[in-house]
1. Give 118/145; 127/171; 140/193; 37/111; 22/104 a once-over and call out the pairs whose C-alpha atoms are over 19 Å from each other.
2. Hey, if you put +1 on the Cβ of every Lys and Arg and -1 on every Asp and Glu Cβ in the chain, which of 41, 72, 142 ends up farthest toward the positive end of that dipole?
3. Using the Karplus equation 6.51 cos²θ - 1.76 cosθ + 1.60 (θ = phi - 60°), what ³J(HN,Hα) coupling, rounded to whole Hz, does each residue of the stretch 65-76 give in order, writing x for Gly and Pro?
4. Can you tell me the FRET efficiency between residue 35 and residue 154 if r is taken as the Cβ-Cβ distance and R0 is 35 Å, rounded to the nearest 0.05?
5. Contour minus end-to-end for residue 200 and residue 2, with contour as 0.36 nm per residue of separation and end-to-end as the Cα-Cα distance?
6. Given the DSSP H assignment, sum -39500 (n - 2.57) over each helix run of at least 4 residues in the chain and divide by its residue total; what's the result at 222 nm in deg cm²/dmol, nearest 500?
7. Looking at the stretch 99-180, which trypsin sites (Lys or Arg not before Pro) are in a loop (DSSP not H, G, I, E or B) and have at most 11 other Cβ atoms within 10 Å?
8. Which distance in nm do the two modelled labels at residue 189 and residue 118 give, with both placed 7 Å along the Cα-to-Cβ direction?
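Derivation of every value follows stated rules applied to the coordinates shown; laboratory data play no part. Keep in mind the model is a prediction, meaning the values are calculated, not measured. We place every Cβ from the backbone using ideal geometry, glycine too, and count neighbours over all the protein chains shown.
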Amino acid sequence: MNTIKERIIQEAAGLFATRGCKVITMDEIATSMGISKRTIYENFSDKRELLLQCVEYFFRQAQNSVDTILKSSDNVIDTIFKTMTCRSDFIRQAKDNFFHEIQKYFPDVYKSTVITYKERNLENTEKLLKKGQEDKVIKKDIDIKLTATLLQEIGTLMVGSDMFTKYGYDKHTLMSTFMYTFTRGLCTEKGLKILDELKNTK
C-alpha cells in the first residue's frame, strides 16, 4: 500500500497538472484527499517542495514507460516513434501552460526537473539516431544534435500548446502525424520499409 506521502504526491500531481501550480493551494489538496493540511506539512516543508516532488514523480512515470519501450522494441525506428509518442502522452496529461507556469513561478523547480529531464531526453534521442545510422535505417548525412533538438522542441510545442486545436485536431493525432512525417525524412530506404510496416500494423 502507498504511504501517505506517496498518496499526497499522486493527488497533488494530478491537481497541479490539470489546474496549474499557481492556483492550487495546500488547503485544496488536503480537502481533495480528506486529510488535514497539517498532515501535508508533516511530509513537505512547503508548496515548492511538494511541487518539486510531484514533477519528479511525473518524470519517473514517463521514464518508466520509455524504459519499457526500449526493452521491447525490435528496431530503432519503432523505438524512436514510440518513445516520442509516449512522451507526448505524458505531456498531454497536463494543462497547456503547466510547464510555463513552473518556469515563471518556481524557476528553481523548473531548472532542477524540467531542464534536467529535457537534457536527458535529448542525449537519449541522439544515441537512438546514431544507432539508427549504424543499423543503416537513418540517413548518414543528418545533423544528429540538430535533429534530436527539433524532435524534442517541436514535439513539446505541439502537445504543450492549444494553438492547433482551432483546426479541429486532437493532440494525439497531431503528434502521430508529426512523428510519421518527420521520421520519413530521416529514413533510408531500409528504414522506410520498416516505418511503413509499422504504420500498416497500427
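1. Violating the 19 Å Cα-Cα cut-off are 127/171; 37/111.
2. Going by the Cα projections, it comes out as 142.
3. 5, 5, 4, 5, 5, 4, 6, 9, 6, 8, 8, 5
4. 0.25
5. Full extension from residue 200 to residue 2 adds 67.2 nm.
6. Dividing the helical sum by the residues of the chain leaves -23500 deg cm²/dmol.
7. 140
8. Distance between label points: 3.9 nm.
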